[in-house]
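Below you'll find the structure, written out as structure tokens, and then a few comments.
The values are calculated or read from the model by the stated rules, or taken from the named source; none is laboratory data. Predicted model only: the values in this text are computed from it and were never measured. Using ideal geometry, Cβ is built from the backbone for each residue, glycine included, and neighbour counts are taken over all protein chains shown.
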Amino acid sequence: MKDKILVLGSNGQIGTELVTALRATYGNDNVVACDIRRPDYELKNAGPFEFVNVLDKDTLHAIFKKYNPTQVYLLAALLSATGEQNPKLAWDLNMNGLLNVLDLALFYQTAKVYWPSSIAVFGPNSPKSNTPQYCTMDPNTIYGISKLAGERWCEYYHEKYGLDVRSIRYPGLISWKAAPGGGTTDYAIHIFHDALRKGSYSSFLSAETELPMMYMDDAIRGTIELMDAPADQLSIRSSYNFGGVSFTPEVLAAEIRKHIPDFKLTYAENDPRQQIADSWPKSIDDSFARKEWGWKPEFDIAKLTSDMLMNLKK
Ligand code: AKB
């Protein structure tokens, strides 16, 4: 059967690049971008686009009926920082959006569903370094709580109903094509824009805050590799730990200074995102992803820094 793919939440930081990558493989007409917001010119004109709110069951149902997708990527979500500003909305979107999609995927016998989780599923009592796949998980942001609950739902739909759901726990994603969406790791993108524009940046996270990060090229490749992996190789239907690089604002600034020697980094105090970052891992053990579907990141801090600066300069 020919693949037909729906990407729900296509205009966000991940969706923008995922749609382009999927269209390159499956053909423009076979990848339907869906979002509540008008897409940018390039995305809209390259292939089909539909206005869809994942909380609007009727519209969502009509889209499943119209395209009968073989694969669905659900990316629509409220991230950690914005989620804390509106916890009920974050829970509603992150949870009911997922349940709507899982139910429709069952009904229409969608072959594969992808749903992103996050390092936010870990909490203050999770091990901080090389955080393992299985350990204490006590997230204390509504984003983390909804992602952990969502992981349980994904595994439940797989175990009880045989739905082929796949998921990755993304670290902070660094990219230059689309703006980040209100997360705690967003400093690692803003820093590049300000370094080029102003030669300085005021970080909302402290100098020694180490977090797991990944360049978007690696994240998109890994996501598609997971979706292409044979189902019988996958033992995890909640969500896979997924490692890239780990660094602090200070270490990233030192790397930027290799390109912009006068770059100055200062620190803003008392930002609520600091508390969120302090509850998250510093680095991730992704041995299950490496063993079961061959995951291997390609971008280290030096490579992602030069690629970011080169592309943003353009
Ligand atoms: C966030 O900071 O909220 C996200 C994430 C790590 O899931 N980038």
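For the reader, a short list of remarks on this structure follows.
- Test: residue in the range 56-63 that is more than 16 Å from the ligand (Cβ to nearest atom) and buried (at least 18 other Cβ atoms within 10 Å of the Cβ): yes
- Qualifying residues in the range 64-80 (those that are hydrophobic (A, V, I, L, M, F, W, C) and either closer than 21 Å to PRO180 by Cα or crowded, with 22+ Cβ neighbours inside 10 Å (or both)) - the one nearest to the ligand (Cβ to nearest atom): LEU79
- Count of residues meeting criterion [within 15 Å of the ligand (Cβ to nearest atom) and assigned to a loop (DSSP other than H, G, I, E, B)] in the range 168-209: 14
- For the range 84-124, filtering for residues that are in contact with a strand residue (DSSP E or B) (Cβ under 7 Å, 6 or more places away or on another chain) and of a type in the set (Phe, Trp, Tyr) leaves 3.
- Condition check for ALA302: assigned to a helix (DSSP H, G or I) and away from the ligand (no atom under 15 Å from the Cβ): yes
- Scanning the range 144-194 for residues that are surrounded by 24 or more Cβ atoms within 10 Å (Cβ to Cβ) and at pLDDT below 95 turns up nothing.
- Some residue of the range 32-55 being acidic (Asp, Glu) and in contact with a strand residue (DSSP E or B) (Cβ under 9 Å, 6 or more places away or on another chain): yes
- Residue pairs meeting the criteria (Cβ under 8 Å; at least 6 apart or on separate chains; first touching a residue at least 24 places away in the same chain (Cβ under 8 Å), in the range 203-224; second within 14 Å of the ligand (Cβ to nearest atom) and among the charged types (D, E, K, R)): PHE204/ASP271; PHE204/ARG273; LEU205/ASP271; LEU205/ARG273; THR209/ASP278; GLU210/LYS282; LEU211/LYS282; PRO212/LYS282
- One residue stands out in the range 153-165 among those that are in contact (Cβ under 8 Å) with a residue 40 or more places away in the chain and closer than 13 Å to LEU99 by Cβ: the one that is farthest from the ligand (Cβ to nearest atom), namely TYR161.
- First in the range 285-311 and more than 18 Å from LYS177 (Cα to Cα), second anywhere and surrounded by fewer than 19 Cβ atoms within 10 Å (Cβ to Cβ) and among the small types (Gly, Ala, Ser), Cβ under 8 Å, 6 or more apart: PHE288/SER235; GLU292/ALA229; GLU292/SER235; TRP293/ALA229; GLY294/ALA229
- The range 113-152, subset under 26 Å from GLY15 (Cβ atoms) and small (Gly, Ala, Ser), residue nearest to the ligand (Cβ to nearest atom): SER118
- Cross-chain or 6+ apart pairs with Cβ under 6 Å, the range 42-53 first and more than 14 Å from ALA24 (Cα to Cα) and surrounded by 14 or more Cβ atoms within 10 Å (Cβ to Cβ), then modelled with pLDDT of 95 or more and polar (S, T, N, Q): VAL52/THR59
- Residues in the range 258-280 that are charged (D, E, K, R) and within 16 Å of the ligand (Cβ to nearest atom): ASP271, ARG273, ASP278.
- Index of the failed condition, TYR143 passing every other in (1) touching a strand residue (DSSP E or B) at 6+ places or on another chain (Cβ under 9 Å); (2) closer than 18 Å to PHE288 by Cβ; (3) not hydrophobic (A, V, I, L, M, F, W, C): (2)
- Meets criteria (away from the ligand (no atom under 16 Å from the Cβ) and either modelled with pLDDT under 95 or assigned by TED's automatic domain parsing to the domain that holds ASN53 (or both)) for ALA105: yes
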